[in-house]
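Some notes on the structure that comes next.
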Amino acid sequence: MPNKIEKDYTNRQQSNLNLLNSKFQERLGYLGIYSQRNHQQFFNNLSPIEQQKLLEEFKAEYYEILTNYFSEETKINSEIDRFVEKAFFVNLPLDKVVEIHIELIEDLGRELKFKGLHSDFLSDYRLTLIDVITHLGEMYRSVISKNCAVYHR
């Protein structure tokens, strides 16, 4: 027969799990978004040609994010949101985002060097990468299927 301490612990644990579940369900509706993803359209399920085309699209969008990241305009958040949502729907691996970032920064560095300008400030654009990866990582993390142990405890 459980004692009062065990009951309190069990109740507190159940309460914490219920709170965690509700937070997951609230978080920007990611659980609902998850069910809308088409696994056939996932990056790893595409042909190499389709993957390359998609990466070029992501590269163009990310370039826009980079060039606008430090501007005073507030539309950068919506640009990041669109990029991240698109990446989420195709299940783009995070390492591909890093590759795109590095490639664009290296291209910009070469261009600045060619023009005789310093490229030291490009390291500040790590913030862009951190922002995008954090947002995308949070979306991936927040998508928890009904099979997750959190839902069954």
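Taking ASP131, is it surrounded by 15 or more Cβ atoms within 10 Å (Cβ to Cβ) and among the acidic types (Asp, Glu)?
Values: surrounded by 15 or more Cβ atoms within 10 Å (Cβ to Cβ): yes; among the acidic types (Asp, Glu): yes.
Judged against the criteria, ASP131 is a match.
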Scan segment 59-70 for residues that are part of a helix (DSSP H, G or I) and farther than 12 Å from LEU104 by Cα and jot them down. ASN68
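Kindly indicate whether SER123 is assigned to a helix (DSSP H, G or I), more than 18 Å from ILE76 (Cα to Cα) and modelled with pLDDT under 85. It would help to see each step written out before you state the result.
Details: assigned to a helix (DSSP H, G or I): yes; more than 18 Å from ILE76 (Cα to Cα): yes; modelled with pLDDT under 85: yes.
Spelling it out, SER123 is indeed assigned to a helix (DSSP H, G or I), more than 18 Å from ILE76 (Cα to Cα) and modelled with pLDDT under 85.
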Out of GLU99, GLU79, GLU56, I need the residue that is without any contact (Cβ under 8 Å) to a residue 40 or more places away in the chain, surrounded by 15 or more Cβ atoms within 10 Å (Cβ to Cβ) and part of a helix (DSSP H, G or I). Which one? GLU79
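Quick check: is even one residue across segment 97-112 within 27 Å of HIS39 (Cβ to Cβ), at pLDDT 90 or above, out of contact with any Lys or Arg (no Cβ under 6 Å at 6 or more places or on another chain) and not hydrophobic (A, V, I, L, M, F, W, C)?
Filtering segment 97-112 for residues within 27 Å of HIS39 (Cβ to Cβ) gives 97-101.
Still in the running and at pLDDT 90 or above: 97-101.
Cutting the leftovers down to out of contact with any Lys or Arg (no Cβ under 6 Å at 6 or more places or on another chain) gives us 97-99, 101.
Restricting the remaining residues to those that are not hydrophobic (A, V, I, L, M, F, W, C) gives 99, 101.
Yes, segment 97-112 contains at least one residue that is within 27 Å of HIS39 (Cβ to Cβ), at pLDDT 90 or above, out of contact with any Lys or Arg (no Cβ under 6 Å at 6 or more places or on another chain) and not hydrophobic (A, V, I, L, M, F, W, C).
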So, ASP107, is that one under 26 Å from GLU50 (Cβ atoms) and either touching a strand residue (DSSP E or B) at 6+ places or on another chain (Cβ under 7 Å) or surrounded by fewer than 11 Cβ atoms within 10 Å (Cβ to Cβ) (or both) or not? no
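The values are calculated or read from the model by the stated rules, or taken from the named source; none is laboratory data. Everything numeric here is computed off the predicted structure, so don't read it as measured data. Because the Cβ atoms are built from the backbone with ideal geometry, glycine has one as well, and the counts that use them run over all protein chains shown.
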